[in-house]
Amino acid sequence: MIRYDLTGKTALVTGGASGIGLATGTMLAGFGCTVAVNHLPDDPRGPEAVAKLNASGAQAIAAPGHVGIAGDAERMVGAALEKLGRLDLLVNNAGTPGTRSRIAPPELDLITEELWSTLLETNLLGVFRCAKAAAPALKAAHGAIVNTASIAGLGRAGSSLAYGATKAGVVSLTQNLARALGPEVRVNAIAPGAVDSPWMVEWTEEERRNTIDRAVLKRRCTPEDLAEVILFLGFGAAMVTGQTIVVDGGLTL
Ligand code: NAD
């Protein structure tokens, strides 16, 4: 793994209380970065994660807020910026499938207006809201944004067709935010394949087995596999912007 000296750097990670977000915050903090951990206001895993990081000697603050609510996302970013004092990296990782069981493409009757609205508000508009609110601080610090897309946004079936559309939107937004915020700020995305995280969608044993068998590298991704690439896009990769990097062990190859 590449090692970084992130002393004096700061990051805000949305959806930082679990899975990929928690692994990213932990890895950043381990390299000396001060991390603001965004979490849903009623999610006890957020304060627990912050307490655990601080107990280990790292620097972490809680940044409660719902990125899917206009106004709350911007307030959360503003409050985190005030505490951090500067911003080098924004990780737009918060996301939801909006459903517990997967909705196959032909099941159009299960794709409701409510599901669209939940997915668009958090997975797509949430990314834009946080990026817009953080842009001046990121420009001042010559920082970076890393968004969490999905292989579902690159033509694969995801938890639902609406979910896939929001993640395809994240891929497009990543390109246009890179145009909007350059040359000061680089903007990239990761597209995870099947990740072992507390993701709400319940996988059957057969589906899990399938994602391992079909992957060239013969295992599922861990949250740390994704965190490593997020750190690279955030603090390495000086000439990479507007790109979406697939991290799926060759599942889609
Ligand atoms: P996860 O469920 O552990 O993480 C998602 C986090 O986002 C949770 O902590 C959740 O509480 C938080 N969140 C949800 N809505 C929020 C909101 N409106 N405001 C703030 N926080 C909110 O699962 P994960 O796998 O770590 O997911 C992280 C990202 O990875 C998501 O964007 C997801 O779409 C993406 N992804 C996951 C997989 C997978 O197989 N797990 C595959 C591709 C992409």
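The values are calculated or read from the model by the stated rules, or taken from the named source; none is laboratory data. What you see is a predicted model, and the numbers here were worked out from it, not measured in a lab. Neighbour counts run over all protein chains shown; Cβ positions are idealised from the backbone, glycine included. Areas reflect the complete protein model, heavy atoms only, side chains present, ligands, DNA and RNA absent. Shrake-Rupley method; radii C 1.70, N 1.55, O 1.52, S 1.80 Å.
So if a site counts as exposed when it's one of the GluC sites (Glu not before Pro), its DSSP state isn't H, G, I, E or B, and it has at most 16 other Cβ atoms within 10 Å, what's the longest stretch of the chain without one? Spell out each step's value before the answer.
On the way: sites that count: Glu107, Glu184, Glu202.
Looking at the chain, 1-106 is the longest stretch - no exposed GluC sites (Glu not before Pro) with at most 16 other Cβ atoms within 10 Å.
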Taking only C-alpha pairs under 8 Å that are 6+ residues apart, what is the relative contact order of the range 10-247 in percent? 21 percent
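Below 14 angstrom from the Cβ of Gly164, what's the summed charge of the other residues (Lys, Arg +1; Asp, Glu -1)? Don't skip to the answer; put the middle values down first.
Numbers: positive: Arg102, Arg156, Lys167; negative: Glu107.
That sum, taken over residues with Cβ under 14 Å, equals +2.
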Could you do me a favour and compute the accessible area per residue for the range 1-90, 1.4 Å probe, result in Å²? 44 Å²
To the nearest 10 degrees, how steep is helix 161-181 against the longest Cα principal axis of the chain, on a 0 to 90 scale? 30 degrees
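Can you pick out the pairs among Lys9/Lys83; Lys167/Lys218; Lys132/Lys167; Lys52/Lys132; Lys9/Lys132; Lys83/Lys167 whose Cα atoms lie more than 22 Å from each other? Please list the in-between numbers first.
Working: Lys9/Lys83 13 Å; Lys167/Lys218 25 Å; Lys132/Lys167 18 Å; Lys52/Lys132 30 Å; Lys9/Lys132 20 Å; Lys83/Lys167 30 Å.
Distance filter (> 22 Å) returns Lys167/Lys218; Lys52/Lys132; Lys83/Lys167.
Shape call for the range 66-224 from the C-alpha gyration tensor, a ≥ b ≥ c root eigenvalues: rounded (a/c under 1.5), prolate (a/b greater than b/c) or oblate?
Working: a/c = 2.14, a/b = 1.63, b/c = 1.32.
Prolate shape, in that a/c is at least 1.5 and a/b is the bigger ratio.
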Return one number: the angle in degrees, 0 to 90 and rounded to the nearest 10, between the long axis of the Cα atoms of helix 126-141 and the longest principal axis of the Cα atoms of the chain. 30 degrees
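Order the peptides 138-149, 189-200 from the highest to the lowest mean number of other Cβ atoms within 10 Å of their residues. Intermediate values should be presented prior to the final figure.
Details: 138-149: 22.7, 189-200: 20.3.
Ranking, from highest mean packing down: 138-149, 189-200.
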Helix 45-55 sits off the longest principal axis of the Cα atoms of the chain, rounded to the nearest 10 on a 0 to 90 degree scale, by 40 degrees
Taking protein heavy atoms only, a 1.4 Å probe, and rounding to whole percent, the accessible area of the chain owed to carbon and sulfur comes out at 57 percent
If you average the C-alpha positions of the range 1-62 and of the range 162-215 separately, how far apart do those two centres end up, in angstrom? 20 Å
